[in-house]
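Written out below as structure tokens is the structure these notes cover.
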Amino acid sequence: MNAISGKDAPVSRPATGVALKNLRAITAEFTDNQWYCHLARQTVFFCAYSVEALDLDGAKKLAANITRLAPHLLGGFIRTDAKAALSGDILSQIVSVQETDNLDQFPNLWSMNGDEIFDNNTLPLFRVRVATLKEGTNKQGTDKKGRDEKGRDEKGRRSVILVLACHSLLEGTDATNLSRSQTVERGAVTAKPKSISGLRKFGYRAMTAVLAPLQLVAANLFANRKADISHKSLVIERKQLRAAANNMGVNQQALMFSLATFAINNGGEGFSKKAISTLYADLSKSADFQTNDDFFSFRMIDLKLPVHTDFKTFVRSVDDEIKKAEGGNKSATQILLNSMYGAHRWIHSIFPFLYTAQLFRFTAGYNMTLSLVPPQRLAGALTRGMVEPVYNGTFHPGINSCVFTPGREYVTFSFSLRAKHLDTLEKIPELLQSLQ
């Protein structure tokens, strides 16, 4: 577990004209959603273990190869030649390698708040971190494939790799493509959304003209004064999850959502005794896919989960609520959110001093966000030597969240939670076992 301390200074550092000018230059081509993610200092991450030991040169090559497959990661920072490859000097500044006695501490030992990414606008908006086992810590000999095991732990691992990025430039589908060493073409992620009708557009604008200023006021009155979001991940065997879902007659997504929310709600002490208010990320590319944003492929959908004291009853209820949400208007919430981001962007251009860190700790009544990323299949040159479990996650400075990452053998749950909820995660393995 790694506690994160937040900053109460204005998020965008608008105290000087230079800082504000740089922010506008960096985010000029961002959609409103991207702009808001950047201002909120929201990060996402990918993490996996490796059977190989990565030194500093190897980590720099990895970072360079990531930008070749995902060239949009070269945007969002100030430099003279926007099309040039990253120099050795820049790579040295965004890569770090450390030694450790125990790989099991990771990724929980790393901070995911990414202040270093946002505090220096002359470097790319991502970082690569590597932890390698110290030599002499582990067993000697050869494994079944005849490889030298010097420096490997009992699970055959030699290192762990983390890619931490600003959410403005990276999302779950990107991580899926990169895990398979595939090119990420932003233009092909999602077709440019269909324009909504003029009447609906007017309705959203009228609504956000009221809601955006109210959010600024409410944040200053009701949001947490202190930043206490922490990160913690756990691993579950995929076959165990699959068996439990089959026994219950529900899909695995419903079971994962249920395990996380039921444990954290803790009988009503965590969130509510009546209903848990969540947003979940949908990544399906159905014909009605309209979010009014031509960068991100996800859309957030409202999902209210009625509270039940019996876990099995709760699981079935969650499965039913997901089906209802999937059968409804899956674009409305995201279009409203994007309209809110646009309103905030306009207000910020006039009154930047209103946008302090406290604003982004205001949850507007939502207890948690949930996201199931596409299955991770490690393959190809970029992820050669990497092994499961694979972790994907997000860090938002004020919102509880969980990202679920399925692999072939394992499923990982990566939480960003207020400190008071962290101990409840110990109940998740017990809840899963109760369904066997």
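Here are some notes:
- Some residue of region 359-378 being on the phi < 0 side of the Ramachandran plot, assigned to a helix (DSSP H, G or I) and touching a Phe, Trp or Tyr at 6+ places or on another chain (Cβ under 8 Å): no
- Taking the criterion of being at pLDDT below 90 and either in contact with a Pro (Cβ under 7 Å, 6 or more places away or on another chain) or crowded, with 21+ Cβ neighbours inside 10 Å (or both), the only residue of region 132-169 that qualifies is Arg152.
- Residue within region 359-370 that is of a type in the set (Lys, Arg) and crowded, with 19+ Cβ neighbours inside 10 Å present: yes
- Count of residues meeting criterion [at pLDDT 90 or above, surrounded by 15 or more Cβ atoms within 10 Å (Cβ to Cβ) and part of a loop (DSSP other than H, G, I, E, B)] in region 273-302: 0
- Checked against (1) in a helix (DSSP H, G or I); (2) under 16 Å from Pro429 (Cα atoms), Ile236 passes all but a single condition, namely (1).
- Flag if Gly380 is surrounded by fewer than 23 Cβ atoms within 10 Å (Cβ to Cβ) and not charged (D, E, K, R): yes
- Any hit, region 35-57, residues being part of a helix (DSSP H, G or I) and farther than 24 Å from Pro397 by Cα: yes
- Selection status of Phe311, more than 29 Å from Leu169 (Cβ to Cβ), more than 20 Å from the chain's Cα centre (by Cα), buried (at least 21 other Cβ atoms within 10 Å of the Cβ) and touching a residue at least 24 places away in the same chain (Cβ under 8 Å): no
- Selected residue [out of contact with any Ser or Thr (no Cβ under 8 Å at 6 or more places or on another chain), buried (at least 21 other Cβ atoms within 10 Å of the Cβ), assigned by TED's automatic domain parsing to the domain that holds Tyr204 and among the hydrophobic types (A, V, I, L, M, F, W, C)] from Leu241, Leu255: Leu255
- Unique residue being surrounded by 14 or more Cβ atoms within 10 Å (Cβ to Cβ), within 21 Å of the chain's Cα centre (by Cα), not charged (D, E, K, R) and not assigned by TED's automatic domain parsing to the domain that holds Ala343 when the list is Leu62, Leu103, Leu86: Leu62
- The listed residue being surrounded by fewer than 19 Cβ atoms within 10 Å (Cβ to Cβ) and of a type in the set (Ser, Thr, Tyr), out of Ser339, Ser331, Ser401, Ser349: Ser349
- Of the residues making up region 395-436, those that are under 18 Å from Asn113 (Cα atoms) and of a type in the set (A, V, I, L, M) are Ile399, Val403, Leu417, Ala419, Leu422.
- Which numbered condition Arg316 misses (of (1) modelled with pLDDT under 95; (2) not in a strand (DSSP E or B)): (1)
The values are calculated or read from the model by the stated rules, or taken from the named source; none is laboratory data. Please read these numbers as outputs of a predicted model, since none were measured by experiment. Reconstructed Cβ throughout: ideal geometry from the backbone, glycine too, with neighbour counts over all protein chains shown.
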